[in-house]
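Just so it is clear, none of the values below were taken in a lab; they were calculated from the coordinates. Computed from a predicted structure; not experimentally measured. In this analysis, Cβ positions are derived from the backbone assuming ideal geometry, glycine residues included, and neighbour counts consider all displayed protein chains.
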Amino acid sequence: AGKSTVDEEVLDNLEEALVSADVGIETTIEIIKRIEARVSKDKYVGSGELNKLLQEEIEAVLVDAPEQSYRNFDTPPDKKPYVILVVGVNGVGKTTTIGKLAHNYKKAGKQVILGAADTFRAAAVDQLTIWSERVGVPIVKQAMGSDPGAVAFDTMQSAMARGSEVVIIDTAGRLHNKAHLMDELGKIKRVIQKVVPDAPHEVLLVLDGSTGQNALVQAKQFTATTDVSALAITKLDGTAKGGVVLAIASQLQIPVKYIGVGEKIDDLLIFDKHEFVDSLFKIAE
Amino acid sequence: MFQNLSERLESAFKNLKGEARISELNIANTVKDIRRALIDADVNYKIAKEFTDKVKDKALGEKVLNAISPGQLMVKIVQDELAELMGGKEAEFSITGNPAVILIAGLQGSGKTTFTGKLANYLKTKKGKSPLVVAADIYRPAAIDQLTVLAEQIGVDIYAERDNNDAVAIAQNAIKEAKAKNKNVVIIDTAGRLAVDEVMMTEVANIKAAVGPTEILFVVDSMTGQDAVNTAKAFNERLDFSGVVLTKLDGDTRGGAALSIQYTVNKPIKFVSSGEKMETLDVFYPERMAQRILGM
Ligand SMILES: Nc1nc2c(ncn2[C@@H]2O[C@H](COP(=O)(O)OP(=O)(O)OP(=O)(O)O)[C@@H](O)[C@H]2O)c(=O)[nH]1
Ligand SMILES: Nc1nc2c(ncn2[C@@H]2O[C@H](COP(=O)(O)OP(=O)(O)OP(=O)(O)O)[C@@H](O)[C@H]2O)c(=O)[nH]1
Ligand SMILES: [K+]
Ligand SMILES: [Mg+2]
Ligand SMILES: [Mg+2]
C-alpha cells in the first residue's frame, strides 16, 4: 500500500505476506511470476489496482467444486443416501466438523445419520455421541476397538433401512505416512461401496488451518488412497491463515468447501474465496 | 522440494572452485537456498532470514579451498548453528515438590491429553512416581472420558469433577486430593485454546496462579506452520512456560516450528511425542531435529 509502482520492494513485501500465510515458497513464486507477467516491472500501477490483480490471480488458483448444491446443504437427488466419508490426520477437527455439518444438513431439512468408525482413539465414540445428541440425529456405533469397516457397513445398512438422506462417517485420525492405517481407510471405502456402489459421494479431507507445508503432503497421500473430493479447513478463528490450500488447489485441483471458525455447533462456514484471499493479507496484531 | 540440501549446496559451491574464501558475492545464492529450505520446512519467514544472515556472517572469510568439500563446510556451519540454537539450554525437567504440579497447555488438538497420559506413564514407570492426572478441560465433548480411558490404560489415578464448570477450582481440588492420597506428581490437562481467545487465556493464567506449577509445558503440533511464532509468543506472555512438547513427530513433517519457537521464546523443548501409544514419549535430541529441519 502507498506504493505506486510494482518494484522489487513491493514484490518482496508480497513474498513475505504470502509465505507468512503458509502459502509456501513454490506457490508464492508462482503467484509473483503471474503478477510480474501482468504488470511489467516499474510500470505505474496504483495500489488499488495491484490489490485487485492479486485478488484475481490468487482466486484463479482456487478451484470451484463441480457441483454447488453443498452451499445450501442440499444433496443431488440421484444420490440418496448422500454419503460423506471424513478423513484426516490426528486432531485436525474431523469429529467437530462432522457435528457442525450434521447440524447444517438437519437445519436444511435432511435426515442425517452418523457413523462412529473411529473405534481407536480414547473416547472417540463418546465424543461423536455427544455431538449426535447435540444435533439430534441418530448415530451407529460399536464397542471401542471393533473393526471400523464393520461400523461403516452397519451405518450404511442402517441408513438404507431408515431412508436417511445424508450419511456422515467419522474415521480415526491417522498420519498419512502410515501405510497400514491408510490401507484401513481404503478398506472402509470398499465396505461402503458394498451397500451403495457409487458411494462415498464425498471424501472430505479435514485440514488444520494452522498446519504448514505438511498439509500438501497430507492432501497428496489421502488423495492417493481415498480420492479426496473436497477440503474443510478448521481453526481459522485464530491467527493462522491456512494459505497452504493454495498449493493444494494448484497442484491437486481439490476445492475447499467449508471452513471451521470455532468449536461451537454454528461455527462452520461455506468457504468464500474472496474473503479467504482478503484474509491472507491481513496482518495479525 | 529440497530433497537434499547437501547436494544442492555442493553444486552451488562448484562455482566457488578457485576462490579461496567465502565472500558476500559468491555466497549469495547458497544463502538463498538455505533460506528457502528452512521456509519450506515451516521455519518462520523472518526467523529464516535472520538465521541465514547469521550463518552468512559466520561463513564469510572461511577458507573453502582447504576444506575437502566446501558444500559440506557450509552445511556444517548451518547445522552447528541450528543445533546450538535448539540445544543451548539444558532441558531439565523438575519433579520436585510435594506434589510437583505440571500444567499442560496449548492449542486445540495439539496432543495435550495424549501427552498427559504419556507423561504420567513415563513418571510412573521410569521415575517411580505416583502421578495423579487431572481433567481440567470442561469444554471439549468427552474430554473427561478420554483422559479416563488413558488413565485406566496406564494404571494411574484421575481426578475429575463432571458437574463442576470451574476449571480453576477443579485444579485446586485436585491438589488437595493428591495430598490426601500421597500422590507426588499432579499433571493438569487443560482445554485447547487459541491465543486470541481472551477469556480462555485468562482461564489458564488463573489456573497457573491458583496452583503454582513446578513445570508448565506448552504442547505444539510439529506440523504447525508460520503461526507457531504468534502462538508461542502469546502463550509465553500469559504463562511464561518452562518447556515445550513437540508432538506428532511420527509424521513426515520437517518440523521447522521447533526452530521458530525456540528462536522466539528461548524455551527448551523438553519432550517429543511420536505416536498415539502411551509409550511413544522421548526426550529431545537437538542434532536430530536440526537434520530433520534441513531435510537431511
Ligand atoms: N478453535 C477451533 N477449534 C476447533 C475447530 N474445529 C475443531 N476444533 C477443536 O479442535 C480439537 C480437535 O477436534 P476433533 O474434532 O476432536 O478433531 P479430530 O480430527 O476428530 O481428532 P482425532 O479424531 O483425535 O484425530 C477439539 O478441541 C475441537 O473443539 C475450529 O474450527 N476452531
Ligand atoms: N500420530 C500421533 N498422534 C498423536 C500424537 N499425540 C497425539 N496424537 C493424536 O492427536 C489427536 C489429538 O490429541 P489429543 O491428545 O486429544 O489433543 P488435545 O490437545 O488434548 O486436544 P484438545 O483437548 O481437543 O485441545 C488424537 O488423535 C491423538 O491420538 C503423536 O505424537 N502422534
Ligand atoms: K493441530
Ligand atoms: Mg475425531
Ligand atoms: Mg485434550
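Between the alpha-carbon centres of segment A:37-76 and segment B:244-293 there is a gap of 37 Å. Decide, for segment A:68-211, between rounded, prolate and oblate: order the square roots of the alpha carbon gyration tensor eigenvalues as a ≥ b ≥ c, take rounded if a/c falls under 1.5, and otherwise choose prolate if a/b is larger than b/c, else oblate. It is rounded, given that a/c, with a ≥ b ≥ c, falls under 1.5. Along chain B, the exposed loop sites are GluC sites (Glu not before Pro) outside DSSP states H, G, I, E and B with at most 13 other Cβ atoms within 10 Å, and the longest stretch free of them is B:93-278. Translational D (Stokes-Einstein, µm²/s) of segment B:182-274 at 37 °C and 0.692 mPa s when Rh comes from the Kirkwood sum over C-alpha pairs? The estimated diffusion coefficient comes to 237 µm²/s.
Classify segment B:135-229 as rounded, prolate or oblate, taking a ≥ b ≥ c as the square roots of the eigenvalues of its Cα gyration tensor: rounded when a/c is under 1.5, otherwise prolate if a/b is larger than b/c and oblate if not. Prolate shape, in that a/c is at least 1.5 and a/b is the bigger ratio.
Distance between the C-alpha centres of segment A:171-193 and segment B:85-143: 30 Å, rounded to the whole angstrom.
Hey, in the GNM for chain B with a 10 angstrom Cα cutoff, which one of B:Gly275, B:Gly212, B:Gly61 fluctuates hardest? In this elastic network of chain B, the residue with the biggest mean-square fluctuation among B:Gly275, B:Gly212, B:Gly61 is B:Gly61. Counted over the protein assembly as shown, the DSSP beta bridges are approximately 15% antiparallel. When both bridge partners sit in chain B, DSSP labels roughly 10% of those beta bridges antiparallel. Dipole orientation for the protein assembly as shown: of the candidates B:Ile261, B:Ile47, A:Ala117, A:Ala117 has the Cα lying most toward the positive pole (charges on Cβ; Lys, Arg +1; Asp, Glu -1).
Computed from Cα positions, the angle between helix A:124-135 and the longest principal axis of chain A comes to roughly 80 degrees. Going by neighbour counts of Cβ atoms within 10 Å, the residues A:His201, A:His176 line up, fewest first, as A:His201, A:His176.
The mean count of C-beta atoms from other chains within 10 Å of the C-beta of residues in B:38-45, rounded to a whole number, is 5. Relative to the dominant Cα principal axis of chain A, helix A:179-195 is inclined by about 60°. Helix A:47-61 and the longest principal axis of the Cα set of chain A meet at an angle near 30°. Restricting the trypsin sites (Lys or Arg not before Pro) of segment A:5-80 to loop positions (DSSP other than H, G, I, E, B) with no more than 13 neighbouring Cβ atoms within 10 Å leaves A:Lys41, A:Lys43. Based on DSSP H segments of at least four residues, each scored -39500 (n - 2.57), the protein assembly as shown has a per-residue ellipticity at 222 nm of -15000 deg cm²/dmol.
Given an 8 Å cut-off on Cα distances and at least 6 residues of separation, report the relative contact order of chain B as a percent. Once normalised by length, the contact order is 24 percent. Relative protection proxy for A:58-67, B:239-248, from highest mean packing down: B:239-248, A:58-67 (other beta-carbon atoms within 10 angstrom).
Take the alpha-carbon centre of segment A:140-165, take the same for segment A:214-262, and report the distance between them in whole Å. Cα centroid of segment A:140-165 versus Cα centroid of segment A:214-262: 27 Å apart.
Computed packing ranks the peptides B:73-80, A:23-30 as A:23-30, B:73-80, most packed first, by mean other Cβ atoms within 10 Å.
Starting from the Cα gyration tensor of the protein assembly as shown, take the square roots of the eigenvalues, sort them a ≥ b ≥ c, and report rounded, prolate or oblate (rounded when a/c is under 1.5, otherwise prolate if a/b is larger than b/c, else oblate). Here the protein assembly as shown falls in the oblate category. Largest GNM mean-square fluctuation among A:Gly238, A:Gly260, A:Gly173, using chain A with Cα springs under 10 Å: A:Gly238.
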